[in-house]
Amino acid sequence: MATYVLIHGSFHGGWCWEKVAALLEGAGHKVLTPDLPGMGTDQTDFAADCLNQWADAVADMVRAQDEPVILAGHSLAGAVIAQAAERATEGVARLVFIAALLMRDGDAAMGKRALAGLEAGEHPFMQPCGGGMTRAKPEGLNELIYSDASDADRDAALARICPQPLNVMTTPLKLSEERFGAVPRGYIETTQDKVLPIDFQRTMQGNWPCERVITLDTGHTPLASAPGQLVEALIAMA
């Protein structure tokens, strides 16, 4: 049996893994679904460098386990788990990117063009909310992030999402071949994704080739819309 550490994406908390965690635990695995610092119900103050604050928290959790873990991240959390694996390489048996950012050394989640669109109010699912923070647009969450989820799942997510610092998406990653590059990687791609289109997901897979790629015919958030299929993929990755 494996230990899974599952990291949530933008605006979410560990709550988004509830369906997946229950199924993995039912199959006998150990599952950890932390709130990143300042997210979900965590009351930690956001650091000036939030990406590395989050990566440090994940790396500390990985190091605290009795065995190397399967470290999986959804969406923006691809950047977080990559940076955490750079720090805690020996504690990660495999990285799994779930419809997630898989970026090169020196890349940031949001480039200048996307940042300009956000500041102009033109981003499809985010909007600034003052103080260097950004939040999800309700219509973007419904139509893009949870495009194939049930109304109940959309309503539950809308009630629990929270703002996050913009700087987490503008901070460049620092990744090396010797550390991050040495960790086995897998990618779970989502063909109906309206946030990270499938062609873009496949382009990112070329940044750091993955040993295994599993394709789900879902939207961006199979955590909600297809948890059983996602769990089968996660178990196969282990």
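The values are calculated or read from the model by the stated rules, or taken from the named source; none is laboratory data. Note that this is a predicted model, so its numbers are computed, not measured. Glycine gets a Cβ as well: all are built from the backbone with ideal geometry, and neighbour counts include every protein chain shown. When the accessible area is computed, the model is the full protein with side chains, heavy atoms only, and any ligands, DNA or RNA have been set aside. Shrake-Rupley method; radii C 1.70, N 1.55, O 1.52, S 1.80 Å.
Take the Cα of Ala159, go 7 Å toward its beta carbon, and the backbone nitrogen atoms of the range 102-141 under 18 Å from that spot belong to 138-139, 141.
Relative contact order (percent) for the range 51-176, with alpha-carbon contacts under 8 angstrom and 6 or more residues of separation?
With pairs under 8 Å counted, the relative contact order is 26 percent.
Considering only Ala156, Ala55, Ala136, the Gaussian network model of the chain with Cα springs below 10 Å gives its largest mean-square fluctuation to Ala156.
Protein heavy-atom accessible surface, 1.4 Å probe, per residue over the chain: 42 Å². Overall, the anisotropy analysis places the range 108-207 in the oblate class: the square-rooted eigenvalues a ≥ b ≥ c of its C-alpha gyration tensor yield a/c not less than 1.5, with a/b not exceeding b/c. The share of accessible area on the chain that comes from carbon and sulfur is 50 percent, using a 1.4 angstrom probe. Annotation: amide H-H contacts under 5 Å for Val92 (H modelled 1.01 Å from N, sequence separation of 5 or more, or interchain): Val69.
If you count Lys pairs in the chain whose Cα atoms are under 23 Å apart, skipping same-chain pairs closer than 8 places in sequence, the total is 6. Estimated from the Cβ-Cβ distance and a Förster radius of 35 angstrom, the FRET efficiency linking Gln192 and Met1 is about 0.65.
A value for volume of the Cα convex hull per residue in Å³ was derived from the coordinates, and within the list (1) 110; (2) 194; (3) 270 it appears as (1). Helical content alone sets the calculated 222 nm signal of the chain at -9000 deg cm²/dmol, taking -39,500 (n - 2.57) per DSSP H segment of four or more residues and averaging over every residue.
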